[in-house]
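The values are calculated or read from the model by the stated rules, or taken from the named source; none is laboratory data. It should be emphasised that the depicted structure is a prediction, and the values quoted were computed from it without experimental measurement. When we count neighbours, we look across all protein chains shown, and the Cβ atoms used for this are built from the backbone with ideal geometry, even at glycine.
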Amino acid sequence: MESRLDFYKASPAAIKALMGVEERIAKSGLEKSLTELVRLRASQINGCAFCVDMHTSDARKGGETERRLATVVVWRETPFFTDRERAALEWTEALTLVSHDHVPDSVWQAVKPHFSDEEIVELTLLVSAINAWNRFAIAFRKLPA
C-alpha cells in the first residue's frame, strides 16, 4: 500500500483546526489512560492501521498493560476493565457506529452513571476527534512508520 497524500502538508490550516480540538481534549478531566483506550477502540472499529499502531504505542508509554491492550477489541468478554472504562468503550462504539443504532437509550443509561455531564461532552468530543483522524489517515493511506 502506498500513501496517497500528506494531509499535514496539503492543508496545514485543516490540521491546525483538528489540533485545536486535541488541545481541548488534553485539558479535559478525562484520564489519559481512558483517552488512549477510546482512541484505540474507535481506530480498531474503523480499521485505521496507523492510528491503532500509534495509540497502542502511546498507551504502552503511559503504562498500559499488554494484556489490556490485547483485549480492548473484546472488552465485553474480559474482567480487565473498570465499569467507567466499559461505559466509555460502549459509548465509543455507539458513536463510531452511529449509523447502526443512533446511540440507543441503553448506551446512554450505561454511560450516565460513570461520567458527569461535562465529561460526557468531553468523551463525545474525544470520540468525534479520533473518528475524524481515522478518516484522514484511512482516506489518504497514512502508514505506520
Exercise. Can you tell me which residues in segment 1-12 are touching a residue at least 60 places away in the same chain (Cβ under 8 Å) and either surrounded by 13 or more Cβ atoms within 10 Å (Cβ to Cβ) or outside any loop (DSSP other than H, G, I, E, B) (or both)?
Worked result: Leu5, Phe7
Exercise. With Thr78, Thr65 as the choices, which residue is over 27 Å from Phe140 (Cβ atoms), touching a Ser or Thr at 6+ places or on another chain (Cβ under 6 Å) and modelled with pLDDT of 95 or more?
Worked result: Thr78
Exercise. Does Ala59 meet the test of being among the hydrophobic types (A, V, I, L, M, F, W, C), more than 16 Å from Lys142 (Cβ to Cβ) and free of Cβ contacts under 8 Å to residues at least 24 places away in the same chain?
Worked result: no
Problem set entry | Identity of the residue in segment 108-129, among the aliphatic types (A, V, I, L, M) and touching a Leu at 6+ places or on another chain (Cβ under 9 Å), that ends up farthest from Ser28 (Cα to Cα) | Val111
Exercise. When you scan segment 13-130 for helices (runs of 4 or more DSSP H) that lie fully inside it, which ones turn up with 2 or more residues that are in contact with an Asp or Glu (Cβ under 8 Å, 6 or more places away or on another chain) and surrounded by 12 or more Cβ atoms within 10 Å (Cβ to Cβ)?
Worked result: 32-46, 49-61, 105-111
